[in-house]
Amino acid sequence: MLVEGPSDEFLYERLVSKDQCIILTASSRENIEGALVELSASHVAGVLGLVDRDYDEVNDQDYEKNIIRTEENDLEMTIICSPALDAVLKAYGSTIKISKIETATEKKVRDILFECAAVIGAVRVLSKGNELNFRFAGMRWRFNASTNVEIDVDRQYNQILARSDTVVGWDLTRLKKEAEVVLISAESVKNLCRGHDVVRVLARALRKMLGSDSQFDSEDRVINLEKSLRLAYSLEYFRKSNIYSRIIRWEEHSGFQVFVSGASAGVDGKV
């Protein structure tokens, strides 16, 4: 099994049959896809690649090509869409504050987080669709106030533009206009979200809006919050995901085994 990085390996290694399946990290989706092309051409069987969808369309028959894409944009989003988020909110948030914000907005916390993160997700969609190569890695997050998680759009977009100074023909006015079109056109704001962006917004929310815990409110410490979400993601949740069902179909199609039986997948059921 080829996965993109160490965090994916950490998630999957407790699911597979160690006697029949070896997990290798390939550092990127492109490396996995390239390796599968080479292996297929050489008629090497029994290799499965697991990659993030990353705004692509999902083909239910991809497993026949020995590749499976996440249903959401990435594995973190798959976890966030599961009850693992509720477990983390219970551990680090305030029940009173969460109830108050959900009552006032008539929205679930998960949906609030998606709406905020989608502001950045829309720019990611534009960047990929227009091959703009906007630079997002390492950017500082700009919020309108310390008490909420609403993105300061002008400051955030100006920062992205300044960090991507090789992109020609795009200014703040155009970027805001085009991003708004993406947001309005989206079937669901969830489809625009990248997991790390949602976790960054969640980290901010836990500081005041949803709790009083600032331990995750820095870019470095967001990694710890992502780890908490992974630890809260149980085998039960994974078995309800499309990733799991697609791997099962790959097993049936290829004749190779990936998973251990439920009884031997781990005493505590954590993935």
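The values are calculated or read from the model by the stated rules, or taken from the named source; none is laboratory data. It should be emphasised that the depicted structure is a prediction, and the values quoted were computed from it without experimental measurement. Glycine gets a Cβ as well: all are built from the backbone with ideal geometry, and neighbour counts include every protein chain shown. Note: areas computed on protein heavy atoms with side chains; ligands, DNA, RNA excluded. Shrake-Rupley method; radii C 1.70, N 1.55, O 1.52, S 1.80 Å.
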Residue hits (the stretch 164-185; more than 21 Å from the chain's Cα centre (by Cα) and open to solvent by less than 70 Å² (accessible area, probe 1.4 Å)) are Ser164, Val167, Gly169, Trp170, Leu172, Leu175, Glu178
Answer with yes or no whether Ile67 is in contact with a strand residue (DSSP E or B) (Cβ under 6 Å, 6 or more places away or on another chain), buried (at least 16 other Cβ atoms within 10 Å of the Cβ) and either more than 23 Å from Leu231 (Cβ to Cβ) or at pLDDT below 95 (or both). yes
Check every one of the helices (runs of 4 or more DSSP H) wholly within the stretch 1-88 and list those with 1 or more residues that are out of contact with any Pro (no Cβ under 8 Å at 6 or more places or on another chain) and basic (Lys, Arg). 29-41
For the stretch 111-132, name all the residues that are open to solvent by 50 Å² or more (accessible area, probe 1.4 Å) and assigned to a helix (DSSP H, G or I). Asp111, Glu115, Lys128, Gly129
Tally the residues that are touching a helix residue (DSSP H, G or I) at 6+ places or on another chain (Cβ under 8 Å) and assigned to a helix (DSSP H, G or I), restricting the search to the stretch 89-106. 7
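So that you can scan it fast, the table gives a plain yes or no per residue for (1) at pLDDT below 90; (2) under 15 Å from the mean Cα position of the chain (by Cα); (3) buried (at least 16 other Cβ atoms within 10 Å of the Cβ):
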position	(1), (2), (3)
Ala162	no, no, no
Glu187	no, no, no
Arg194	no, yes, yes
Arg204	no, no, yes
Ser218	yes, no, no
Lys240	no, no, no
Gly255	no, no, no
Considering only residues that are out of contact with any strand residue (DSSP E or B) (no Cβ under 8 Å at 6 or more places or on another chain) and of a type in the set (D, E, K, R), look in the stretch 133-158 and name the one that is most open to solvent (accessible area, probe 1.4 Å). Arg140
